[in-house]
């Protein structure tokens, strides 16, 4: 397991820097401004939302992991920023989270089994002209299977390992001493991983219009040599989509 996955405050800072350097400029370019209200589904520790809060946006983060939500509240409080964080399934919020002009989905869609139903359900949380920013690791990329979360140094640094047949993949994970909990999680991701082609199809089926798509080579979470502080990273996110619901003609 890489250090960034065990030091959650460091990961929070890494996420916030990536959001500030890449996501906010990208969103400004695509929709022309930063909305005053932002919802992130699957927010984790809330790092992606910090730059939006610092810019004066009202931010809400939702995640089913209560520990991550507590960390988000703590990290925001330590930085004297305001944010509302709720530990629940997004579809249990009902009327508590509606009319958002911007929804963030960062590294979430690849964990969802019924992706079309999930995207369709988000429409009730969007404002009439709202947009969804979706960032995800395409399944065919070197670490599209999230194997970097593995405890084994070999597994966590082995690109494309997730593309092996399921039985062989499980055998290698066990051979490298992975815990059954981690093996189950990695095999679940193998079942739910998202290709670019699949995402395009389910977005259309869920009645969204893709208003922009960017495909990049290297994830900005992984700084290149010489980029030690990650303050001005010189690489870009490898997959970003902006969606808008179809408007009746």
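Nothing in this text is a laboratory measurement; each read-out follows from the coordinates by a stated rule. All figures in this text were calculated on a predicted structure; none of them were measured in a lab. No Cβ is skipped: glycine too gets one built from the backbone with ideal geometry, and neighbour counts run over all protein chains shown.
Some notes on this structure:
- Relative contact order computed over region 37-155 (Cα-Cα under 8 Å; 6+ residues apart), in percent: 23 percent
- Here region 70-145 has an Rg and Dmax of 14.6, 40 Å, counting Cα atoms alone.
- Region 46-93: relative contact order in percent, alpha carbon pairs under 8 Å with at least 6 residues between: 43 percent
- Of the peptides 183-193, 132-142, the order by per-residue mean of other Cβ atoms within 10 Å, starting with the highest, comes out as 132-142, 183-193.
- Projected label distance in nm at residue 185 and residue 82, using a 7 Å step from Cα toward the beta-carbon: 3.4 nm
- Three-way shape call for region 59-110 based on the alpha-carbon gyration tensor, with the a/c threshold at 1.5: prolate
- The length gained on full extension between residue 195 and residue 123, counted as 0.36 nm times the residue separation minus their Cα-Cα distance, comes to 23.7 nm.
- Packing rank of 11-23, 151-163, 170-182, where each peptide gets the mean count of other beta carbons within 10 Å, highest leading: 11-23, 151-163, 170-182
- Placing a pseudo-label 7 Å from each Cα along the Cα-to-Cβ vector at residue 65 and residue 210 gives an inter-label distance of 2.8 nm.
- Maximal additional length on extending the residue 74-residue 166 stretch stands at 29.2 nm, based on 0.36 nm per residue less the C-alpha distance.
- Shape category assigned to region 20-153 from the gyration tensor of Cα positions, a/c cut at 1.5: rounded
- When you work out D = kT/(6 pi eta Rh) for region 1-77 at 25 °C and 0.890 mPa s, using the Kirkwood radius from C-alpha pairs as Rh and the Stokes-Einstein form, the result is 192 µm²/s.
- Remark: 194, 43 ranked as 194, 43, counting other beta-carbon atoms within 10 Å and listing the fewest first.
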